[in-house]
Amino acid sequence: MDNTGKVSPGSSACVAPQTLKLEQWGLRLERPKNEQHGDYAVNVSPLAKQLRQGPPQIAEALNPLLDKAFQEDELGLHLIGGFINVSMSHSLLSKAIHHVLEQSQPGLNDDLAGQSILLEYVSANPTGPLHIGHGRWAALGDSLVRIFRHCGAVVTPEFYVNDAGLQVLKIGYSIYLRALEILHTKNPLSGYTQPTEFPYPGEYVIDLAQAFLSDTSKGSKNSDWVLQQFQHAQKELNPAPFEAIEADEEAAAKYDPVIQFALSTVLTQQQVLLENLGVHFEAYFFEKAYLHQRDLVTQVLDQLKHDRFAYMQDGALWLNSSEFGDEKDRVLIKSDGSYTYLAADIAYHHQKFSRLDDNGNPQYNRFINIWGADHHGYIARMRAAIQALGHPVEQFEVLLGQLVNLVIDGEKTRMGKRRKMLTLEDVVSEVGVDATRFWMVSKSADTALDFDVELATSQTDENPVFYAQYAHARCASILRNALHPPLNTQSVTDDESTAPFVSEAAYLEFEATLTPGHFAPLFQQFLPQETPETVLTALKQLILKLDSFEDSVIESARFATPHSLARYSLELATAFHRFYNTCRVLTPDPTLTLPRLFLILAVKKTLAQALELLGVSAPERM
RNA sequence: GCCCCAGUAGCUCAGCGGAUAGAGCAACCGCCUUCUAAGCGGUGGGUCGCAGGUUCAAGUCCUGCCUGGGGUACCA
């Protein structure tokens with residue numbers, strides 16, 4: 001989490017002061033807070049200390065340099081205090097539009113070129129449905145994957161499946177208990193004792209039990225298997241309480257069929273939902289098959305022991321994590337001989353660092369994990385283990401996200417407190433994929449998120465995703481009408497007004513010969529009912545917003561903050577809506593209409609790209 | 001106790017040490033015979049939790065305190 005890099009729009013389409021190397025001086029081009037000051041600005045104050053001069057004097061001294069560099073582009077410069085303010089000429093603004101139209105994908109850049117990132121997120125236990133919190137990590141993680149890739153990084157999104165350990169036995173046995181309960185209800189079993197509690201009490205377990213009983217993929221009937229288990233168990237309590245099963249390895253092993261069913265069923269449900277959300281993982285990493293069955297956990301622990309980073313005490317194996325800044329040492333092997341979750345996770349991370357590419361070099365140079373704030377205490381020990389194993393710990397990053405509160409009927413409810421848990425699937429089917437995803441990334445991961453189901457569905461005014469989508473749909477509508485006017489214009493009968501605003505031939509010719517010069521009429525010609533000053537203001541704001549898209553993408557990538565991109569999409573939508581209200585696009589005059597039309601095309605393209613990076617659809621109609 | 005996150009307009013939140021701290025929603029006043037009113041314009045609304053400190057400059061950095069959330073397992 002190295003946040004020292006400063007975002008500088010050095011790659012902006014219009015003003016490209018590469019010759020000035022602003023960044024090496026610690027300066028950057030920024031958007032002035034007050035629009036009246038100009039379109040861009042350079043604040044020279046950071047140089048004040050070094051040069052022992054007041055910012056205004058420095059600005060004065062730098063001005064000729066900048067003036068010279070920007071001369072070709074007809075920029076207007078003027079000084080206020082320590083600020084060099086830059087006003088863009090109409091020809092530069094035209095270039096900005098042209099640039100967007102030229103690009104295959106707006107905002108595409110190479111800011112993260114050379115980075116190879118393994119991004120692990122969600123990694124939910126395969127013991128139940130995903131909840132709303134998982135939804136936040138899914139939306140956040142997938143957006144980051146898209147954003148990182150847009151900045152030239154190679155990204156592998158990965159999901160770690162904890163399919164080993166106690167919780168897996170727990171869900172399997174719970175399903176068995178529920179299945180038995182169902183069979184007993186249908187046809188009373190002699191010797192059956194109603195269990196006082198289920199290891200996993202959730203209602204979804206009953207559904208899983210039902211599914212298990214009707215599943216015939218194994219050839220034999222699962223109900224027969226359940227009854228068999230029941231009859232073979234000869235304890236005073238039948239079925240036995242979970243504690244008895246847990247303590248007896250042989251007994252536990254008997255429940256393997258139902259465990260396998262649970263794992264594959266639950267994981268499949270999770271995967272279907274994630275894909276439905278547009279969240280795609282390149283790899284699912286299975287703890288049992290990839291770590292335990294390959295002895296990787298043992299090997300890692302042996303290495304730690306060998307290098308004296310792990311030691312025995314009180315019958316347990318401890319990691320010497322306090323040596324690396326953790327507040328205390330941590331257990332790796334419990335005194336009952338079983339591994340802790342940490343032990344397996346260390347092996348997993350060791351495996352991550354050990355992966356090689358085709359040339360035998362380390363495959364990744366960044367390892368990012370998205371964890372909930374409840375795992376915060378875990379960071380120090382994981383870092384300790386990574387250092388103990390000799391891996392570059394600075395390549396290990398944790399994005400800690402604050403938790404999600406579900407708001408129902410205006411009241412916050414903590415996850416799991418209600419007996420009837422509202423799952424992520426319930427929420428998505430209620431509010432839709434787009435609203436869910438946008439909502440989840442619209443706020444900084446550092447702040448706790450309230451997810452209000454009613455708000456996300458009903459009150460569209462408070463649900464900003466539609467605002468951005470509406471802007472896109474409006475653009476689409478204009479483009480449709482330009483070439484295919486609505487046929488149902490009964491009030492108008494003369495030929496001219498039923499014809500398209502621009503002919504397809506004119507459109508194609510304009511597109512084929514497009515140069516920045518084609519946009520000159522935007523700034524020069526207006527309809528009688530338009531106020532040039534108002535139009536120009538809205539137009540300029542819209543173009544500047546378009547031009548800052550790449551910077552916005554880079555910023556989101558560097559700071560891993562998709563929420564700033566969500567904000568950008570709303571700001572671009574605002575600039576567009578404002579322009580739409582001051583300036584008519586479709587007019588009878590092609591020289592006026594075509595440049596405006598292609599500006600709309602650039603807006604539509606950029607808006608669609610911004611939404612795409614957030615995994616939100618850009619509808620053609622609403 | 002210790003660790004992490006947050007505290008900015010009535011509400012939900014942006015805000016990369018730099019110009020007069022910004023959006024959305026809510027409130028109030030306007031704008032549809034014209035490309036989608038899921039839209040646009042305008043008005044009101046702030047001791048940036050509190051107290052110190054660093055700096056030419058602090059909502060932003062440091063220290064302490066207050067409030068809320070999370071964590072502090074031989075759970076996962």
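Annotations for the structure displayed:
- The stretch A:446-466, residues that are modelled with pLDDT of 95 or more and either more than 8 Å from RNA strand B (Cβ to nearest atom) or among the aromatic types (F, W, Y) (or both): none
- Any hit, the stretch A:303-315, residues being in contact with a strand residue (DSSP E or B) (Cβ under 8 Å, 6 or more places away or on another chain), of a type in the set (D, E), touching a residue at least 24 places away in the same chain (Cβ under 8 Å) and more than 16 Å from RNA strand B (Cβ to nearest atom): no
- Within the stretch A:355-376, restricting attention to residues that are open to solvent by 40 Å² or more (accessible area, probe 1.4 Å) and within 14 Å of RNA strand B (Cβ to nearest atom), the residue that is farthest from A:A310 (Cα to Cα) is A:D374.
- The stretch A:59-76, subset within 16 Å of RNA strand B (Cβ to nearest atom), at pLDDT below 80 and surrounded by 15 or more Cβ atoms within 10 Å (Cβ to Cβ), residue nearest to A:P532 (Cα to Cα): A:L75
Rundown of residues vs (1) at pLDDT 95 or above; (2) in contact with a Lys or Arg (Cβ under 9 Å, 6 or more places away or on another chain); (3) of a type in the set (S, T, N, Q), yes/no style:
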| site | (1), (2), (3) |
| --- | --- |
| A:A138 | yes, yes, no |
| A:D142 | yes, yes, no |
| A:I147 | yes, no, no |
| A:G152 | yes, no, no |
| A:Y160 | yes, no, no |
| A:I175 | yes, no, no |
| A:Y192 | no, no, no |
| A:F198 | no, yes, no |
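- The stretch A:95-119, residues that are within 16 Å of RNA strand B (Cβ to nearest atom) and open to solvent by 10 Å² or more (accessible area, probe 1.4 Å): A:N109, A:D111
- Looking across A:I333, A:I346, A:I379, A:I408, one residue alone is open to solvent by 10 Å² or more (accessible area, probe 1.4 Å), touching a helix residue (DSSP H, G or I) at 6+ places or on another chain (Cβ under 7 Å) and under 27 Å from A:H131 (Cα atoms). It is A:I408.
- Restricting attention to the stretch A:211-265, the residues that are of a type in the set (D, E, K, R) and in a helix (DSSP H, G or I) total 6.
- Selection count, the stretch A:296-325, where residues are open to solvent by 10 Å² or more (accessible area, probe 1.4 Å), within 26 Å of A:F285 (Cα to Cα) and either outside any strand (DSSP E or B) or at pLDDT below 95 (or both): 6
- Residue within the stretch A:248-263 that is under 27 Å from the mean Cα position of the chain (by Cα) and surrounded by 12 or more Cβ atoms within 10 Å (Cβ to Cβ) present: yes
- Test: residue in the stretch A:429-445 that is at pLDDT 90 or above, more than 13 Å from RNA strand B (Cβ to nearest atom), surrounded by fewer than 18 Cβ atoms within 10 Å (Cβ to Cβ) and more than 30 Å from A:N361 (Cβ to Cβ): yes
- Here A:G401 clears all of (1) exposed (fewer than 13 other Cβ atoms within 10 Å of the Cβ); (2) within 21 Å of the chain's Cα centre (by Cα); (3) not hydroxyl-bearing (S, T, Y) except the condition numbered (1).
- Taken over the stretch A:331-345, the residue count meeting the criterion of being more than 7 Å from RNA strand B (Cβ to nearest atom) and in contact with a Phe, Trp or Tyr (Cβ under 7 Å, 6 or more places away or on another chain) is 2.
- Among the residues of the stretch A:155-170, those identified as open to solvent by less than 10 Å² (accessible area, probe 1.4 Å), in a strand (DSSP E or B) and β-branched (V, I, T) are A:V155, A:V161.
- Qualifying residue in the stretch A:276-285 (condition: in a helix (DSSP H, G or I), over 17 Å from A:I386 (Cα atoms) and not hydrophobic (A, V, I, L, M, F, W, C)): yes
- The test for being open to solvent by 60 Å² or more (accessible area, probe 1.4 Å) and touching a strand residue (DSSP E or B) at 6+ places or on another chain (Cβ under 6 Å) holds for A:E282.
- Residue match in the stretch A:354-363 (condition: within 28 Å of A:A139 (Cβ to Cβ) and in contact with a helix residue (DSSP H, G or I) (Cβ under 7 Å, 6 or more places away or on another chain)): no
- Within this structure, A:T413 fails the test of being closer than 26 Å to A:D295 by Cα and within 14 Å of RNA strand B (Cβ to nearest atom).
- For the stretch A:32-54, a residue qualifies if it is farther than 9 Å from A:V86 by Cα, more than 6 Å from RNA strand B (Cβ to nearest atom) and not in a loop (DSSP other than H, G, I, E, B), and the qualifying residues are A:E35, A:Q36, A:L47, A:Q50, A:L51.
The values are calculated or read from the model by the stated rules, or taken from the named source; none is laboratory data. Everything numeric in this text was worked out from a predicted model, so none of it was measured. All Cβ positions, glycine included, derive from the backbone under ideal geometry; neighbour counts span all protein chains shown. Note: areas computed on protein heavy atoms with side chains; ligands, DNA, RNA excluded. Shrake-Rupley method; radii C 1.70, N 1.55, O 1.52, S 1.80 Å.
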